[in-house]
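Structure, as structure tokens:
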Amino acid sequence: MLTIDTTRKISFNRLISNGDLVIVYERHDNMKAVTVSEGSVLQNRFGVFKHSDWIGKSFGSKVFSNKGGFVYLLAPTPELWTLVLSHRTQILYIADISFVVMYLEIVPGCVVLESGTGSGSLSTSLARAVAPKGHVYTFDFHEQRAGSARDDFERIGLSSLVTVGLRDIQGEGFPEEFVGLADAVFLDLPQPWLAIPSAAKMLRHDGTLCSFSPCIEQVQRSCETLQSNFTDIRTFEVLLRTYEVREVKTESSEINGNGGSNVSLPCKRRHGSDGANVVSYPNSSVMARPCGEARGHTGYLTFARLQCLS
Ligand SMILES: C[S@@+](CC[C@H](N)C(=O)[O-])C[C@H]1O[C@@H](n2cnc3c(N)ncnc32)[C@H](O)[C@@H]1O
């Protein structure tokens, strides 16, 4: 759990207690969130794990089952939470999230307005970025989603940094109490152009706005609305490509083709037909190739800065 201590610092530097949320990590594509409950067990293909064995261990510990299998108990960071949270809506993933946090210039102490909250995937990263003294006010008009997001922020220890409001942002705009106070506004709404005039009122001078939209027609309409109050309007599509890099053992004669007498390192480089790049050493090769399962289009991120009145 993300702990905010009395000096309002986020810290994982403590031991796992009964009631904590941990990420049970088998491998990068197999992990899940579990609330530690003394007396409960976790059962998976590696055997049975007693929660009582986890209490008092540090986050990051390797723990063993009755059969000697193991998993790691990791802290629920925003990066991991995004991978395990329950999808109540489409969510933002790490590539878009990192770009948003950077390009919106979100730093500790910022006040950020967001709508819609959705599954809270982006909100957790926004919260950590503004910690310890900033705040994220996130709004959704769907009561159940707003409630579930609130519960999740409580579970992962972020509730002092995020407030969830129930509100139709396209219809009513952001609440008047935030006029001129927001450092950044993030919109993930079906008709963001309806909320842009209100977002402009909420931003302090020089404040930044980002709107995420899956379709380019939404982007075009938003950009048209942004023209009246914003400058530096730019749209990006963030595409992520993952690589598989691994060592392959080989016979030396296969690589240098001269009976293995060549001992200089590395001895050969070549490109495979599948896009793989292979560097061969006397007894092994290191192969790097793009993974087939690259995530494609998620959406377009449109950024803009509030025009300062001279
Ligand atoms: C795609 S989801 C947002 C996902 C979120 N960015 C995340 O990373 O988890 C869009 C959300 O906008 C909410 N929404 C749609 N129209 C809205 C409106 N007029 N006012 C407030 N929220 C709205 C929906 O209920 C939905 O939860």
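A count restricted to the stretch 184-195 and to residues that are closer than 21 Å to Gly120 by Cα and within 12 Å of the ligand (Cβ to nearest atom) stands at 8. The single condition among (1) closer than 22 Å to Thr82 by Cβ; (2) within 12 Å of the ligand (Cβ to nearest atom); (3) part of a helix (DSSP H, G or I) that Ser198 does not satisfy is (1). Within the span defined as the stretch 72-90, one or more residues are within 23 Å of His142 (Cα to Cα), away from the ligand (no atom under 12 Å from the Cβ) and either touching a residue at least 40 places away in the same chain (Cβ under 8 Å) or not in a loop (DSSP other than H, G, I, E, B) (or both).
Scanning the stretch 189-213 for residues that are basic (Lys, Arg) and closer than 16 Å to Asp232 by Cβ yields a single hit, Arg204. Within the stretch 152-172, the set of residues being exposed (fewer than 15 other Cβ atoms within 10 Å of the Cβ) and away from the ligand (no atom under 11 Å from the Cβ) comprises Glu154, Thr163. Assessment of the stretch 173-183 against the conditions (without any contact (Cβ under 8 Å) to a residue 12 or more places away in the chain, more than 9 Å from the ligand (Cβ to nearest atom) and outside any loop (DSSP other than H, G, I, E, B)) yields at least one matching residue. A search for C-beta distances below 6 Å between a residue of the stretch 212-227 that is of a type outside the set (Lys, Arg) and any residue that is exposed (fewer than 14 other Cβ atoms within 10 Å of the Cβ), counting only pairs 6+ apart in sequence or on different chains, returns nothing. Of Phe99, Phe49, all but one fail to be modelled with pLDDT of 95 or more, surrounded by 15 or more Cβ atoms within 10 Å (Cβ to Cβ) and assigned by TED's automatic domain parsing to the domain that holds Val22; the exception is Phe49. Restricting the search to the stretch 91-106, which residues are within 13 Å of the chain's Cα centre (by Cα) and part of a helix (DSSP H, G or I)? Within the stretch 91-106, Ile94, Ala95, Asp96, Ile97, Ser98, Phe99, Val100, Val101, Met102 meet the criteria. Just one of the numbered conditions (1) at pLDDT below 95; (2) within 10 Å of the ligand (Cβ to nearest atom) is not true of Ala149: (1).
Go through the residues of the stretch 92-108 one by one and say whether even a single one is of a type in the set (Val, Ile, Thr) and within 9 Å of the ligand (Cβ to nearest atom).
Filtering the stretch 92-108 down to residues of a type in the set (Val, Ile, Thr) leaves 94, 97, 100-101, 106-107.
Those still in the list that are within 9 Å of the ligand (Cβ to nearest atom) too: 97.
Yes, the conditions are met somewhere in the stretch 92-108.
Taken over the stretch 23-40, the criterion of being closer than 10 Å to Leu83 by Cα and without any contact (Cβ under 8 Å) to a residue 40 or more places away in the chain is satisfied by His28, Asp29, Asn30. The set of residues in the stretch 109-131 being of a type in the set (A, V, I, L, M) and within 13 Å of the ligand (Cβ to nearest atom) consists of Val112, Leu113, Leu122, Leu126, Ala127.
When we screen Leu74, Leu92, Leu42 for residues that are at pLDDT 95 or above, closer than 30 Å to Pro190 by Cβ, surrounded by 13 or more Cβ atoms within 10 Å (Cβ to Cβ) and not hydroxyl-bearing (Ser, Thr, Tyr), the only hit is Leu92. If you take the residues of the stretch 201-216 that are buried (at least 23 other Cβ atoms within 10 Å of the Cβ) and of a type in the set (A, V, I, L, M), which of them is farthest from the ligand (Cβ to nearest atom)? Among those residues, the one meeting the criterion is Leu203.
The values are calculated or read from the model by the stated rules, or taken from the named source; none is laboratory data. Since we're looking at a predicted model, the values are computed, not measured. No Cβ is skipped: glycine too gets one built from the backbone with ideal geometry, and neighbour counts run over all protein chains shown.
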